Structure formats: structure tokens, C-alpha cells
Amino acid sequence: MIKQIKSSEIKKFVESNPNTILLDVRTEDEWNTVGKPDTKDLGIKSFFITISQDPSFLESVKKNIDKKKQVLVMCAAGGRSIIAANLLAKEGYNTLNVSDGFSGNGQDPGWKNLGLPSIIDN
């Protein structure tokens, strides 16, 4: 069972778990139009790898992300990220799903709506 974390809990979590990274699995179009989480103030790295059905997703993750890291997996609202978190857990990664994602899930506001640091690459 993948553990869940809300965007509002990430800062406190990272303070206690500095060996953490954020993996955003949304599409490039979403990153460019809605924005990306900016984690530099948290002191952690972010990776942007779109989840897909082909093996390139896992290959990209394995090439870029160390299994020793705690991986917070994020999408727009928590649906794609739970799929990605489960895939990564099967590969030996220690994952948590950001349950409200970048944009919110109807119950919780999400990263962007909380006013957490974001960037848009246009």
C-alpha cells in the first residue's frame, strides 16, 4: 500500500526526510501551461518524467533517480501519480503519493492552490 501525503504536508515531511525528491509525472503540456512545482526552497530536487504505458517511463526514472531516495510522486490530482508510485514501488523505490497533486483533487487544494512556489516555462 502506497502512503499518501498532501501538498500541505510536504515541507514538514522534507524537513524530517532530507533524502527526498519530487517526481512530477504530468505531461509536458501541463508543465508548460499550468506550471511546475519549484522545490529549490525545500532543498530537494524535482524530476519531470511523464508517465506512459511504454517502458521509457521506468527507464527514465531508473536513469535519473537513485533508489536510496524517498520519492514523492505528483500529478495534477493524484490519479496518475498513484499508478506511477505503485510501478516504482514494484521496482524497489520508496514512494509516497501526493494525493492532492499540483492542482487539487476536490477535497484538498493541491500545490499550486496552496500558493507553494511554482514556475511556468513558456
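A compact table of results
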{"quantity": "Under-5 Å amide H pairs with Asn105, H placed in peptide plane, nonlocal only", "calculated": "Gly110"}
{"quantity": "Tally of Lys pairs whose C-alpha atoms are under 19 Å apart, taken over the range 48-115, 8 or more apart or cross-chain", "calculated": "5"}
{"quantity": "The range 3-119 - share of DSSP beta bridges that are antiparallel (%, nearest 5)", "calculated": "10"}
{"quantity": "Reference-scaled alpha-carbon Rg (2.2 N^0.38 Å with N residues) for the chain", "calculated": "0.95"}
{"quantity": "Gyration tensor verdict on the range 22-89 (Cα atoms; rounded if a/c is under 1.5, prolate if a/b is larger than b/c, oblate otherwise)", "calculated": "oblate"}
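Every read-out reported here was derived from the displayed coordinates using simple, explicitly stated rules and does not represent laboratory data. Source: prediction; values computed, not measured.
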